[in-house]
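K.L.:
Okay, here's the structure, questions in a sec.
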Amino acid sequence: MLSKLKENQFYLDSLIFFIASFSGGFGNYIFHSLTARLLSPSSYGELQSLISLSVILGIPVGVLFLVITKYTAEFKAKNENQKIYFLFKNFTKKFFLLGILLFIFLLIVARFILNFLALTSLIPLIVLIASFIFVFSAALNNALLQGLQKFKALSVISIISMVLKIILAFIFIKLSLAVSGVVGAIVLSGLVAYGLTFMPLRSLASLTTPTSLPSLPLRQMLCFSAPVFFTLLFTTLLYNLDIILIKHFFTPELAGQYAALALLGHIVFFIIGPLIAVMFPAAAAAHISSERSLDCPNLHNSPDLPDAILKKTLLMSVSVGLMALVFYFTFPALIIKIIVGVNYLELAPYLGWFALAMFLFSIVFLISQYFLSINQTRFVYFLGASVLAQIIFIFIWHQSLWQIIWIMNGVMATCLAGLAIYYTKTLKH
């Protein structure tokens, strides 16, 4: 089995990135377990709402990340290495300036965000907003590394950042900085991780010469950004909007309970996420290679076709996800005790069903990323309709946690069915 694994680069990359990401994910849940135990439920609810807010506000960052990752993988497949260096050299300063502009805008609307989320202090929000100064530049570096499939470097940086975040969060909470301290730990560890990404990127300087600077397909990249934006917008809302709305509709204590439930359920996505991260650049590169080899009679038997990569990722994701669900439904109280403590044991009846919603979302996200990697875009209508349904249903039915959980499961299942039909009827013909 080990020799076969070494012969298959996709499985090997998946295993390396999965192990490292699992370690990072484990560290992430130590971080959340620590903060959930040391903060009050209402403070923890504020922290989770701020994290969800940062994810939603970071959608443009995610667009940048996916576009750069895809085109880096394509340039690598075409041996156009000078274009990769050109991306790095010309966009680092531009994205830093963009981050400063976003920081200023968020400062202007900070008071509105404070009131909508019913936050008790403006300080943690300001600390979070400050992170957007460097977030675009950090996304550029990480996207280059992922497009180049430097998964070992990404894994090491991720683990270092996670360990630092845990240590800083513990210190800052003990210094009575509460939510502001935890947000500060997240921002500082992210800044350190950004600095570390320059080390594996040093070799890019050897890919070009001062007299030979290539042109980039900027118009093509810009056109691709539109479907990427809507894909990330809709998937991010599907994954995070429930926490924002619950913070708005529920009491602080109940919102904190739901934040802990979301934390526990999101483990399923964190487990499957690394497999999707490996699939995206691999499928994009395979798509380019297959387009350039249409005259090859043996192409459809190639294990490196994008469709084959999707099936491999889907098989691994479903296998891992189902094993996780069995554990969630069988030992909910044990999971709660280990991760967030006995104060949240009343969430046990909900845990398996919320985890199921996150499993369905993980497969939705996987298929969406695959469509983007092969330049298919019409699937975004299914995602948009699902987000609209989620918003409408939560606005109508938000009297109990069960209502929210059934809404999440129903929306995710319907969206997945729509994507499966689109794949079968469109791409397979």
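K.L.:
Taking the Cβ of each residue in 98, 47 as the centre, tally the other Cβ atoms inside 10 Å and list the residues starting with the fewest.
P.N.:
Fewest-to-most ranking of 98, 47: 98, 47.
K.L.:
Is the stretch 150-273 rounded, prolate or oblate when judged by the Cα gyration tensor, a ≥ b ≥ c being the square roots of its eigenvalues, rounded requiring a/c under 1.5 and prolate requiring a/b larger than b/c?
P.N.:
oblate
K.L.:
In nm, give the distance between the simple-model label positions of residue 413 and residue 216, each being 7 Å from the Cα along the Cα-to-Cβ direction.
P.N.:
Rounded to a tenth, the inter-label distance reads 4.4 nm.
K.L.:
At a 10 Å Cβ-Cβ cut-off, how would you order 346, 46, 74, fewest neighbours first?
P.N.:
346, 74, 46
K.L.:
Then there is this: Counting only Cα atoms, I'd like the Rg/Rh figure for the chain, Kirkwood definition for Rh.
P.N.:
So for the chain, dividing Rg by the Kirkwood Rh gives 0.96.
K.L.:
Among 315, 245, 119, determine the one that fluctuates most according to a GNM of the chain built with springs between C-alpha atoms less than 10 Å apart.
P.N.:
315
K.L.:
Here is a further query. Would you mind ranking 423, 344 so that the residue whose beta carbon has the fewest other beta carbons within 10 Å leads the list?
P.N.:
423, 344
K.L.:
Then there's this: Rank 65, 395, 269 by mean-square fluctuation in a GNM of the chain with C-alpha springs under 10 angstrom and give only the top-ranked residue.
P.N.:
Result: 395 has the largest fluctuation of those listed.
K.L.:
So which helices of the chain fit the span-like rule, where a helix is a whole DSSP H run, its Cα atoms reach 15 Å or more along the axis, and its mean Kyte-Doolittle is at least 1.0?
P.N.:
59-77, 81-108, 151-174, 178-196, 218-249, 267-291, 306-330, 348-373, 380-396, 401-422
K.L.:
Given an 8 Å cut-off on Cα distances and at least 6 residues of separation, report the relative contact order of the stretch 100-166 as a percent.
P.N.:
Computed over the stretch 100-166, the figure is 28 percent.
A short reminder: the numbers here are calculations on the coordinates, not readings from a lab. Please read all numbers here as calculations on a predicted model, not as lab measurements. Counting neighbours? That spans all protein chains shown, and the Cβs are built from the backbone with ideal geometry, glycine included.
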